[in-house]
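Remarks on the structure that follows.
The values are calculated or read from the model by the stated rules, or taken from the named source; none is laboratory data. All values reported here derive from a predicted model rather than from experimental measurement. Cβ coordinates were reconstructed from backbone atoms using ideal geometry, including for glycine residues, and neighbour counts include every protein chain displayed.
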C-alpha cells in the first residue's frame, strides 16, 4: 500500500504539472482522475497492517490468517496486492466464538461472519466498517478459483496494530467462502500465511454529507421524502426529529420543520446536513348555520381566512363562495375549499327548516242576544295571536255580535306565521212554535203537530218521545203531556201539548206460538173476551179475519203485524197492533269466500267474504280451535303448514241453520326483513345494509339499487348476500350520513312473479 500511495502521489504531481506548468487545457478525464486519486489518498492511505512478503504463488489456493485483537479498533479496508495472485478474489472476515481454530486436521463451525464480498480484483481496496473488540479472535480469508483446499504464504508473522505487536497465524479452510458455508477452519503454525492486508484509521477528514431536497414546499397533510447521501461508505445515519436511521425518510410535518441528519463513520468526525420542509396550511371554509321558515330560501356564504385564490364547491354541485337554497326539511350541505394541488378542506353547514305553524279558528252559530267564545287552536303552542277585528292577543275571545261576522287571527311562532284562518259567527233569529191539545180514546193514537209562527223553515223537531218529525202519533194510556223543541239555525222554541184519554175497550191478544219456520200455523185469541164487543183481525200481507179466535197459516218467511179491532158497541172502537208479532223464517243458505285459497306464511292473516243469504247470525270455526261470530271476520292463523278446514254456520233468529266449509292448504311464502338504518363506522356492528330473505324468493333473480337524494345510483348488487358498505365510486368514497332510497326486485320461484320493494334506509356514521 505504500507503493500505491507513492504511485498516487506521482500521478497527482504529473497532473498538476500538466495543468499548471504546461498550461494545457483541463479535460474531464484528467479532472476525474485527479479527484479519484485525492479521494483514494484521503480515505485509504491510512494505517496498513503488514503481513510480510509473499514467497510462493498458487493461484487457486486459500490464503488467510487469524489473530487476537490487542484493543478495540475498526477494520476499514481490505487490500489484495498483486503478489497474492491475479484475477477476481473472494474475501471474508469472521470472529471465532470458541477460541482459536484448531490445528489441521481439526474442524470448527463455531464462528460469526463479520464481512463478505466477492469478485474483488487484485490491487483493489475493499472499503468496510468492521468493529473488532479487544480479545476477539479474528480470521481474515480470501480465495480464488475452485480448488480451495490449502493455504500458503509466510510463516507466522509479527505485525503491529495500533502500537501493539500482534502475531498473525496461518489459517485455512476446507471450502471456499461465498461458494459453500464456511467450514472446517484449521491452523498450521509452521506454514506460511496469505497476503490480505487490513487497514485501520481510514478516515482523516469529516465525510461529505448531502440531503436532497435541501428545501421543499408541501401542503398540510402531505408526505415528502428526504434522502441523505455521502461518498464515504460504511457510516450510519441519524435523523432529528424522528430518530430514523435510514438514508431516506418519509415525513409529514404539520408545520414548517427543519430536519437534521448526522452521518457517523468509525474514526471520522460526524457530518451533519439539514433539510427544511415548508408546510402551507389550507384554510378551512367557514359557513354560518341558518334557520329559516318552511317555504323560505336562504343564501349560504362561505369564506376562508386568510383569503386566498382557492375555489369553493358544494355538495349540491354548485360552485363559488355563495349559493341559494330552499330546502323543505332541515338539510346539511358540504362546502369544499381547494387551493392549488393541496387536498381540499371541507365544512358542513346546516340549514334548519322550522315548520310553518297552522291555526284553526272555530266557527259558531248563535241566537240573538247570546255570547260566544271564539277559539284559535294552533298545532304548536308558544306563539302569539292578533285578532281582527278587535286586536285581542289571547288564544280565545268572547263576543256578542248583533249580526253575523267573521273573526280572523294571525298566529306567529318562532318568527314563522301561520296561514290566516277565519272563524264565522252566524247570528240567527229565535223561532216561535205552538202545538194544540187533543182528546183520544183509550188505546187510540193522537196526531200531534207543531207549527212555526214566524216563518222560519228548515228547522228540526225533537219530541220528548225521541221522535224528530213535525207531527207524531202517540198512544198514551192515561192523560199525558208531551213536549217538542223546534230548532232552526241553532235557535230553538218549545211547546207542551196534552193528550186527554177516554176509556176504550180492553184489547189484547196472544198466540200459541209467535215464531217458527215456514210453513207456520198458530192460534191467535183475545186475552179478554167481552160479550158485547165484536172482534176483527188483520194480519199484514196475509189478510183479514173475524171472530174470537183465528188460526192463520204463514206459507213464507217474514215478520207479520197483527191488528185486533174491538168495538164495544157504545161508540168506542179500540184496536191494537203488535208489529211483527208473528215471525217466520226460511232455511238460510251458507256460503263464503276466503281472501286466499292457500297459506304462504307460517303465520298468516286471512279475511273472509260472507256470501250467505237468509241468516241473521253466524258462527265461524277456523279449524284451529278458534271461532268468531262476526259477519266477515279476519283471522290470524298460527303455524299453518298443515292447512285448516274453515266452516261457516248460518242461523236465522228462530234457529234455522246451514253450513259451508272450505279447506285452505299451505304453501311456503315470502319471508324477509329489510333494516331501515345501518352504521358503517368501523365498529364491526351493523356495517352492511342488505335485505335478509328467509324463504320465498329466487336468489338467482335478484337486484338491489341504492340512490342518493339526487337520484344517483350509489350502489347496485345482483347478489342478495352482497350489501352496501356505505361507500360509492371506484375510489370507495364514504357516502355522507343521510336518508337513501332503495329499490329491490326479486322473483317468486313458484310462479315466476316478480316483486318490487321500495323504501328508505338511514346511513348513520
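So for the range 556-568 (the condition being closer than 19 Å to residue 444 by Cβ and without any contact (Cβ under 8 Å) to a residue 24 or more places away in the chain), does at least one residue qualify? If you could, list the steps in order and put the result at the bottom.
Of the range 556-568, the ones closer than 19 Å to residue 444 by Cβ are 561-568.
Next, only the ones that are without any contact (Cβ under 8 Å) to a residue 24 or more places away in the chain stay: 561.
Yes - at least one qualifying residue is present in the range 556-568.
Report the residue count in the range 206-236 for those that are surrounded by 19 or more Cβ atoms within 10 Å (Cβ to Cβ) and closer than 22 Å to residue 252 by Cβ.
Number satisfying all stated conditions: 3.
Need at least 3 residues that are within 28 Å of residue 485 (Cβ to Cβ) per element, so show me which strands (runs of 3 or more DSSP E) inside the range 337-454 make the cut, counting only ones lying wholly within it.
Here the list reads 364-367, 372-378, 421-428, 438-441, 446-449.
Hey, does the range 547-557 have a residue that's modelled with pLDDT under 90 and either assigned to a strand (DSSP E or B) or within 30 Å of residue 635 (Cβ to Cβ) (or both)?
no
Tell me, please, whether a residue that is surrounded by 14 or more Cβ atoms within 10 Å (Cβ to Cβ), over 60 Å from the mean Cα position of the chain (by Cα) and modelled with pLDDT under 55 can be found in the range 74-92.
Looking for residues that are surrounded by 14 or more Cβ atoms within 10 Å (Cβ to Cβ), over 60 Å from the mean Cα position of the chain (by Cα) and modelled with pLDDT under 55, one finds none in the range 74-92, hence no.
Restricting to the range 250-270, what's the tally of residues that are buried (at least 16 other Cβ atoms within 10 Å of the Cβ), within 51 Å of the chain's Cα centre (by Cα) and over 14 Å from residue 210 (Cα atoms)?
2
(1) assigned by TED's automatic domain parsing to the domain that holds residue 371; (2) surrounded by 16 or more Cβ atoms within 10 Å (Cβ to Cβ); (3) without any contact (Cβ under 8 Å) to a residue 24 or more places away in the chain: which one isn't true of residue 463, the others all being true?
The one condition residue 463 does not meet is (1).
Looking at (1) at positive phi; (2) without any contact (Cβ under 8 Å) to a residue 40 or more places away in the chain; (3) part of a loop (DSSP other than H, G, I, E, B), which is the only condition residue 123 fails?
(2)
Give the residues of the range 98-141 that are within 25 Å of residue 265 (Cα to Cα) and touching a helix residue (DSSP H, G or I) at 6+ places or on another chain (Cβ under 9 Å), sorted by residue number.
Within the range 98-141, 123, 125, 127 meet the criteria.
From the list 133, 160, 165, 150, exactly one residue is outside the structural domain of residue 238 (by TED's automatic domain parsing) and at pLDDT below 70. Which is it?
None of the other options fit; the residue is 150.
Suppose we filter 655, 614 for residues that are closer than 30 Å to residue 556 by Cα and either surrounded by fewer than 12 Cβ atoms within 10 Å (Cβ to Cβ) or touching a helix residue (DSSP H, G or I) at 6+ places or on another chain (Cβ under 9 Å) (or both); which single one remains? Show your work before the answer.
Values: 614 fails: either surrounded by fewer than 12 Cβ atoms within 10 Å (Cβ to Cβ) or touching a helix residue (DSSP H, G or I) at 6+ places or on another chain (Cβ under 9 Å) (or both).
Exactly one residue qualifies, and that residue is 655.
Does any residue of the range 376-392 turn out to be without any contact (Cβ under 8 Å) to a residue 12 or more places away in the chain, surrounded by fewer than 16 Cβ atoms within 10 Å (Cβ to Cβ) and under 27 Å from residue 428 (Cα atoms)?
Within the range 376-392, the first condition is being without any contact (Cβ under 8 Å) to a residue 12 or more places away in the chain, and the residues that meet it are 381, 391-392.
Of the ones still in play, those that are also surrounded by fewer than 16 Cβ atoms within 10 Å (Cβ to Cβ) are 381, 391.
Remaining after also requiring under 27 Å from residue 428 (Cα atoms): 391.
So far as the range 376-392 goes, yes, one or more of its residues are without any contact (Cβ under 8 Å) to a residue 12 or more places away in the chain, surrounded by fewer than 16 Cβ atoms within 10 Å (Cβ to Cβ) and under 27 Å from residue 428 (Cα atoms).
Can you name every residue in the range 520-538 that is surrounded by 16 or more Cβ atoms within 10 Å (Cβ to Cβ) and assigned to a loop (DSSP other than H, G, I, E, B)?
Across the range 520-538, the qualifying residues are 522, 533.
Scan the range 498-509 and tell me whether some residue there is more than 20 Å from residue 569 (Cβ to Cβ), modelled with pLDDT of 90 or more and exposed (fewer than 14 other Cβ atoms within 10 Å of the Cβ).
No, because not a single residue in the range 498-509 is more than 20 Å from residue 569 (Cβ to Cβ), modelled with pLDDT of 90 or more and exposed (fewer than 14 other Cβ atoms within 10 Å of the Cβ).
For residue 672, state whether it is under 30 Å from residue 722 (Cβ atoms) and buried (at least 16 other Cβ atoms within 10 Å of the Cβ).
yes
Applying the selection to the range 400-417, what residues are under 30 Å from residue 353 (Cβ atoms) and surrounded by 14 or more Cβ atoms within 10 Å (Cβ to Cβ)?
Scanning the range 400-417 gives 408, 409, 410, 411, 412, 413, 416, 417.
Within the set of pairs 6+ apart or on separate chains, which have a first residue in the range 217-233 that is in the same structural domain as residue 76 (by TED's automatic domain parsing), a second that is part of a strand (DSSP E or B), and C-beta atoms under 9 Å apart?
none
What is the residue count in the range 93-111 for residues that are buried (at least 16 other Cβ atoms within 10 Å of the Cβ) and either modelled with pLDDT under 80 or not in a strand (DSSP E or B) (or both)?
Residues in the range 93-111 being buried (at least 16 other Cβ atoms within 10 Å of the Cβ) and either modelled with pLDDT under 80 or not in a strand (DSSP E or B) (or both): 4 in total.
Would it be correct to say that residue 283 is out of contact with any strand residue (DSSP E or B) (no Cβ under 8 Å at 6 or more places or on another chain), part of a loop (DSSP other than H, G, I, E, B) and closer than 24 Å to residue 344 by Cα?
no
Among 345, 338, which is surrounded by 15 or more Cβ atoms within 10 Å (Cβ to Cβ), under 26 Å from the mean Cα position of the chain (by Cα) and closer than 30 Å to residue 222 by Cβ?
On inspection, the qualifying residue turns out to be 345.
Could you say which residue among 553, 530 is over 12 Å from residue 509 (Cα atoms) and out of contact with any strand residue (DSSP E or B) (no Cβ under 7 Å at 6 or more places or on another chain)?
The conditions single out 530.
Taking the range 298-311 as the search range and keeping residues that are in contact with a strand residue (DSSP E or B) (Cβ under 6 Å, 6 or more places away or on another chain) and not in a strand (DSSP E or B), which one is farthest from residue 356 (Cα to Cα)?
Of everything passing the filter in the range 298-311, 310 is farthest from residue 356 (Cα to Cα).
Out of 530, 584, 562, which single residue is farther than 30 Å from residue 624 by Cβ and at pLDDT below 85?
Going through 530, 584, 562 in turn, the sole match is 530.
Quick check on the range 323-333. Is at least one of its residues under 29 Å from residue 223 (Cα atoms), in a strand (DSSP E or B) and outside the structural domain of residue 127 (by TED's automatic domain parsing)?
No, the range 323-333 contains no residue that is under 29 Å from residue 223 (Cα atoms), in a strand (DSSP E or B) and outside the structural domain of residue 127 (by TED's automatic domain parsing).
Assess whether residue 420 counts as being surrounded by fewer than 16 Cβ atoms within 10 Å (Cβ to Cβ), modelled with pLDDT under 90, at negative phi and within 47 Å of the chain's Cα centre (by Cα).
So residue 420 fits the description; yes.
Out of all the residues in the range 629-648, which are within 29 Å of residue 558 (Cβ to Cβ), within 45 Å of the chain's Cα centre (by Cα) and crowded, with 16+ Cβ neighbours inside 10 Å?
Within the range 629-648, the first condition is being within 29 Å of residue 558 (Cβ to Cβ), and the residues that meet it are 629-633, 647-648.
With within 45 Å of the chain's Cα centre (by Cα) added as a condition, the list becomes 632-633.
Result: 633, single match.
For the range 695-721, what are the residues that are assigned to a loop (DSSP other than H, G, I, E, B) and surrounded by 14 or more Cβ atoms within 10 Å (Cβ to Cβ)?
Selection gives 696, 697, 698, 701, 708, 720.
Testing residue 597 on (1) surrounded by 16 or more Cβ atoms within 10 Å (Cβ to Cβ); (2) touching a residue at least 60 places away in the same chain (Cβ under 8 Å); (3) within 30 Å of residue 647 (Cβ to Cβ), one condition comes back false. Which one is that?
Just one mismatch for residue 597, condition (1).
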